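For reference, the structure discussed in these notes is given below.
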Amino acid sequence: MNMIIATHNRHKVEEFSRILAPLGVTIQTAELTEAEETGETFRENAYIKAKSACDETGLPCIADDSGLSVDALHGEPGVYSARYAPEGQRKQTVLKKLENVPEAERGAHFTSAICCVFPNGDVLEAEGYCYGRISRECRGTGGFGYDPIFLCTEAGCAGKTFGEATSEEKDAVSHRGKSLRLFAEKLENYLKQK
Ligand code: ITT
(Lines give C-alpha, C1' and ligand atoms only; values in the text may rest on other atoms or scores of the structure.)
Protein backbone atom coordinates (compact mmCIF):
# COMPACT_ATOMS: atom_id res chain seq x y z
CA MET A 1 0.00 0.00 0.00
CA ASN A 2 1.14 3.56 -0.76
CA MET A 3 0.87 6.18 1.92
CA ILE A 4 1.78 9.85 2.27
CA ILE A 5 3.96 10.69 5.25
CA ALA A 6 3.02 13.95 6.94
CA THR A 7 6.36 15.21 8.21
CA HIS A 8 8.89 17.93 7.54
CA ASN A 9 11.64 15.89 9.20
CA ARG A 10 13.75 14.04 6.60
CA HIS A 11 15.15 11.67 9.23
CA LYS A 12 11.63 10.43 9.95
CA VAL A 13 11.09 9.85 6.22
CA GLU A 14 14.25 7.70 6.15
CA GLU A 15 13.21 5.72 9.22
CA PHE A 16 9.65 5.19 8.00
CA SER A 17 10.87 3.94 4.60
CA ARG A 18 13.47 1.66 6.19
CA ILE A 19 11.04 0.11 8.67
CA LEU A 20 7.86 -0.04 6.59
CA ALA A 21 9.23 -1.12 3.16
CA PRO A 22 9.84 -4.74 4.28
CA LEU A 23 6.32 -4.75 5.75
CA GLY A 24 4.73 -3.86 2.39
CA VAL A 25 4.03 -0.17 3.00
CA THR A 26 5.58 2.35 0.62
CA ILE A 27 6.00 5.88 1.87
CA GLN A 28 5.74 8.98 -0.27
CA THR A 29 6.39 12.58 0.66
CA ALA A 30 4.29 15.57 -0.42
CA GLU A 31 4.45 19.35 -0.16
CA LEU A 32 2.23 19.91 2.86
CA THR A 33 1.21 22.84 4.99
CA GLU A 34 2.80 22.57 8.45
CA ALA A 35 -0.03 21.84 10.90
CA GLU A 36 0.09 23.59 14.26
CA GLU A 37 0.83 21.04 16.99
CA THR A 38 -1.63 22.24 19.60
CA GLY A 39 -2.15 18.86 21.30
CA GLU A 40 -1.05 18.07 24.83
CA THR A 41 -0.10 14.49 24.03
CA PHE A 42 1.94 12.74 21.35
CA ARG A 43 -1.23 10.96 20.27
CA GLU A 44 -3.20 14.17 19.78
CA ASN A 45 -0.40 15.80 17.79
CA ALA A 46 0.05 12.76 15.55
CA TYR A 47 -3.67 12.90 14.73
CA ILE A 48 -3.52 16.67 14.02
CA LYS A 49 -0.67 16.17 11.52
CA ALA A 50 -2.19 13.13 9.79
CA LYS A 51 -5.69 14.65 9.58
CA SER A 52 -4.43 17.94 8.17
CA ALA A 53 -2.40 16.10 5.49
CA CYS A 54 -5.32 13.81 4.61
CA ASP A 55 -7.67 16.80 4.27
CA GLU A 56 -5.13 18.50 2.04
CA THR A 57 -4.31 15.55 -0.25
CA GLY A 58 -7.44 13.40 -0.12
CA LEU A 59 -5.15 10.38 0.39
CA PRO A 60 -4.33 8.12 3.37
CA CYS A 61 -1.71 9.98 5.42
CA ILE A 62 0.50 8.79 8.24
CA ALA A 63 2.23 10.95 10.85
CA ASP A 64 4.51 10.46 13.84
CA ASP A 65 4.67 12.62 16.90
CA SER A 66 7.55 11.72 19.11
CA GLY A 67 9.91 12.95 21.76
CA LEU A 68 12.23 12.32 24.65
CA SER A 69 10.92 12.21 28.23
CA VAL A 70 13.56 12.58 30.95
CA ASP A 71 12.65 11.26 34.42
CA ALA A 72 14.73 13.83 36.33
CA LEU A 73 13.03 16.63 34.35
CA HIS A 74 9.55 15.35 35.17
CA GLY A 75 9.05 14.12 31.59
CA GLU A 76 10.50 17.15 29.80
CA PRO A 77 11.05 17.91 26.96
CA GLY A 78 8.25 15.45 26.03
CA VAL A 79 5.85 16.82 23.42
CA TYR A 80 8.04 19.94 23.26
CA SER A 81 11.13 17.96 22.16
CA ALA A 82 11.36 19.74 18.81
CA ARG A 83 10.89 23.16 20.42
CA TYR A 84 12.83 22.75 23.70
CA ALA A 85 15.72 25.05 22.73
CA PRO A 86 16.98 26.63 19.52
CA GLU A 87 18.15 24.18 16.84
CA GLY A 88 21.61 22.88 17.66
CA GLN A 89 21.31 23.56 21.40
CA ARG A 90 18.74 20.94 22.44
CA LYS A 91 21.09 18.13 23.44
CA GLN A 92 23.36 20.50 25.36
CA THR A 93 20.34 21.97 27.15
CA VAL A 94 19.35 18.52 28.43
CA LEU A 95 22.96 17.63 29.35
CA LYS A 96 23.38 20.90 31.26
CA LYS A 97 20.14 20.39 33.20
CA LEU A 98 21.32 16.92 34.21
CA GLU A 99 24.86 18.01 35.10
CA ASN A 100 24.54 17.13 38.78
CA VAL A 101 22.15 14.22 38.40
CA PRO A 102 23.68 10.84 39.41
CA GLU A 103 23.72 7.79 37.13
CA ALA A 104 20.80 6.04 38.83
CA GLU A 105 18.51 9.01 38.23
CA ARG A 106 19.29 9.62 34.56
CA GLY A 107 16.49 7.43 33.19
CA ALA A 108 14.64 8.53 30.04
CA HIS A 109 12.48 7.12 27.29
CA PHE A 110 11.45 7.96 23.76
CA THR A 111 7.81 7.79 22.66
CA SER A 112 6.52 7.53 19.11
CA ALA A 113 2.82 7.95 18.44
CA ILE A 114 1.76 6.98 14.94
CA CYS A 115 -1.54 8.01 13.43
CA CYS A 116 -2.92 7.21 9.99
CA VAL A 117 -6.03 8.99 8.74
CA PHE A 118 -7.99 7.67 5.76
CA PRO A 119 -10.15 9.89 3.52
CA ASN A 120 -13.31 8.10 4.79
CA GLY A 121 -12.45 9.27 8.33
CA ASP A 122 -11.06 5.95 9.60
CA VAL A 123 -8.11 6.28 11.95
CA LEU A 124 -5.40 3.76 12.87
CA GLU A 125 -3.08 4.47 15.78
CA ALA A 126 -0.06 2.82 17.39
CA GLU A 127 2.50 3.78 20.03
CA GLY A 128 6.00 2.59 20.83
CA TYR A 129 8.49 3.31 23.59
CA CYS A 130 12.22 2.84 24.04
CA TYR A 131 13.99 3.00 27.39
CA GLY A 132 17.43 4.19 28.34
CA ARG A 133 19.48 6.79 30.18
CA ILE A 134 20.90 10.20 29.37
CA SER A 135 24.67 9.98 28.80
CA ARG A 136 27.20 12.44 30.24
CA GLU A 137 28.20 13.73 26.80
CA CYS A 138 27.30 13.37 23.12
CA ARG A 139 28.47 10.05 21.68
CA GLY A 140 28.31 8.99 18.02
CA THR A 141 27.32 10.73 14.85
CA GLY A 142 24.45 8.54 13.63
CA GLY A 143 20.72 9.19 13.85
CA PHE A 144 19.27 12.62 14.59
CA GLY A 145 17.86 14.81 17.34
CA TYR A 146 18.66 13.52 20.83
CA ASP A 147 20.19 10.24 19.59
CA PRO A 148 23.79 11.03 20.66
CA ILE A 149 22.75 11.52 24.33
CA PHE A 150 20.29 8.61 24.55
CA LEU A 151 22.08 5.62 26.02
CA CYS A 152 19.84 2.72 25.19
CA THR A 153 19.36 0.01 27.82
CA GLU A 154 17.31 -2.38 25.70
CA ALA A 155 18.71 -5.79 24.65
CA GLY A 156 20.42 -5.60 21.26
CA CYS A 157 21.51 -2.01 21.68
CA ALA A 158 22.44 -1.80 25.37
CA GLY A 159 25.44 0.35 26.21
CA LYS A 160 25.37 2.32 22.96
CA THR A 161 23.82 5.69 22.38
CA PHE A 162 21.49 5.81 19.39
CA GLY A 163 24.19 8.03 17.85
CA GLU A 164 26.59 5.07 18.05
CA ALA A 165 24.10 2.38 17.02
CA THR A 166 23.72 1.26 13.41
CA SER A 167 20.38 1.96 11.72
CA GLU A 168 19.48 -1.73 12.07
CA GLU A 169 20.29 -1.72 15.79
CA LYS A 170 18.24 1.42 16.37
CA ASP A 171 15.24 0.24 14.33
CA ALA A 172 15.14 -3.11 16.16
CA VAL A 173 14.50 -1.51 19.56
CA SER A 174 13.49 2.09 18.90
CA HIS A 175 10.17 3.71 19.79
CA ARG A 176 9.54 4.26 16.05
CA GLY A 177 10.51 0.72 15.12
CA LYS A 178 8.00 -0.60 17.66
CA SER A 179 5.18 1.82 16.80
CA LEU A 180 5.55 1.25 13.06
CA ARG A 181 5.67 -2.53 13.32
CA LEU A 182 2.53 -2.45 15.47
CA PHE A 183 0.94 -0.04 12.97
CA ALA A 184 1.77 -2.37 10.05
CA GLU A 185 0.03 -5.23 11.88
CA LYS A 186 -3.07 -3.10 12.49
CA LEU A 187 -3.04 -1.95 8.85
CA GLU A 188 -2.94 -5.54 7.63
CA ASN A 189 -5.99 -6.42 9.77
CA TYR A 190 -7.78 -3.24 8.70
CA LEU A 191 -7.22 -3.99 5.00
CA LYS A 192 -8.40 -7.61 5.44
CA GLN A 193 -11.72 -6.37 6.83
CA LYS A 194 -12.29 -4.05 3.88
P1 ITT B 1 7.31 16.69 12.10
O2 ITT B 1 6.41 17.25 13.17
O3 ITT B 1 7.27 17.48 10.83
O4 ITT B 1 7.09 15.22 11.88
P5 ITT B 1 9.41 17.18 14.04
O6 ITT B 1 10.87 16.89 14.06
O7 ITT B 1 8.95 18.57 14.40
O8 ITT B 1 8.86 16.79 12.59
P9 ITT B 1 8.01 16.17 16.35
O10 ITT B 1 7.17 17.37 16.53
O11 ITT B 1 7.40 14.80 16.51
O12 ITT B 1 8.68 16.10 14.91
O13 ITT B 1 9.25 16.31 17.32
C14 ITT B 1 10.01 15.22 17.60
C15 ITT B 1 11.36 15.65 18.14
O16 ITT B 1 11.75 14.69 19.14
C17 ITT B 1 12.42 15.57 17.07
O18 ITT B 1 12.58 16.81 16.40
C19 ITT B 1 13.65 15.15 17.84
O20 ITT B 1 14.24 16.27 18.45
C21 ITT B 1 13.06 14.27 18.94
N22 ITT B 1 13.05 12.86 18.49
C23 ITT B 1 11.97 12.13 18.09
N24 ITT B 1 12.34 10.91 17.70
C25 ITT B 1 13.68 10.87 17.84
C26 ITT B 1 14.64 9.90 17.57
O27 ITT B 1 14.34 8.73 17.04
N28 ITT B 1 15.92 10.19 17.84
C29 ITT B 1 16.26 11.39 18.34
N30 ITT B 1 15.42 12.37 18.61
C31 ITT B 1 14.13 12.12 18.35
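Which residues, counting only those in region 150-194, are away from the ligand (no atom under 16 Å from the Cβ), open to solvent by 70 Å² or more (accessible area, probe 1.4 Å) and touching a helix residue (DSSP H, G or I) at 6+ places or on another chain (Cβ under 9 Å)?
A155, E185, E188
Here is a check on your reading of the model: is I114 more than 10 Å from the ligand (Cβ to nearest atom), open to solvent by less than 10 Å² (accessible area, probe 1.4 Å) and closer than 20 Å to I4 by Cβ?
yes
Given the options E125, E99, name the one that is modelled with pLDDT of 95 or more, open to solvent by 50 Å² or more (accessible area, probe 1.4 Å), more than 10 Å from the ligand (Cβ to nearest atom) and within 18 Å of K178 (Cβ to Cβ).
Criteria check complete, one pass: E125.
Give region 1-47 a look and list any residue that's in contact with a strand residue (DSSP E or B) (Cβ under 9 Å, 6 or more places away or on another chain), without any contact (Cβ under 8 Å) to a residue 24 or more places away in the chain and within 17 Å of L182 (Cα to Cα), or say none.
Scanning region 1-47 gives S17, A21.
Among the residues of region 135-144, is any open to solvent by less than 60 Å² (accessible area, probe 1.4 Å), without any contact (Cβ under 8 Å) to a residue 24 or more places away in the chain, out of contact with any strand residue (DSSP E or B) (no Cβ under 6 Å at 6 or more places or on another chain) and not in a helix (DSSP H, G or I)?
Within region 135-144, the subset open to solvent by less than 60 Å² (accessible area, probe 1.4 Å) is 135, 138, 140, 142-144.
Adding the requirement that they be without any contact (Cβ under 8 Å) to a residue 24 or more places away in the chain leaves none.
Checked region 135-144: no residue is open to solvent by less than 60 Å² (accessible area, probe 1.4 Å), without any contact (Cβ under 8 Å) to a residue 24 or more places away in the chain, out of contact with any strand residue (DSSP E or B) (no Cβ under 6 Å at 6 or more places or on another chain) and not in a helix (DSSP H, G or I).
Among the residues of region 43-74, write down those that are open to solvent by less than 30 Å² (accessible area, probe 1.4 Å) and within 24 Å of V101 (Cβ to Cβ).
Scanning region 43-74 gives S66, G67, L68, S69, V70, L73.
Suppose we filter T33, T7, T38 for residues that are farther than 30 Å from A104 by Cα, outside any helix (DSSP H, G or I) and within 10 Å of the ligand (Cβ to nearest atom); which single one remains?
The unique qualifying residue is T7.
The values are calculated or read from the model by the stated rules, or taken from the named source; none is laboratory data. None of these values were measured; they are calculated from a predicted model. So basically every Cβ, Gly included, is an ideal-geometry build from the backbone, and we count neighbours across all protein chains shown. In case anyone asks, the SASA skips ligands and DNA or RNA and just uses the protein heavy atoms, side chains included. Shrake-Rupley method; radii C 1.70, N 1.55, O 1.52, S 1.80 Å.
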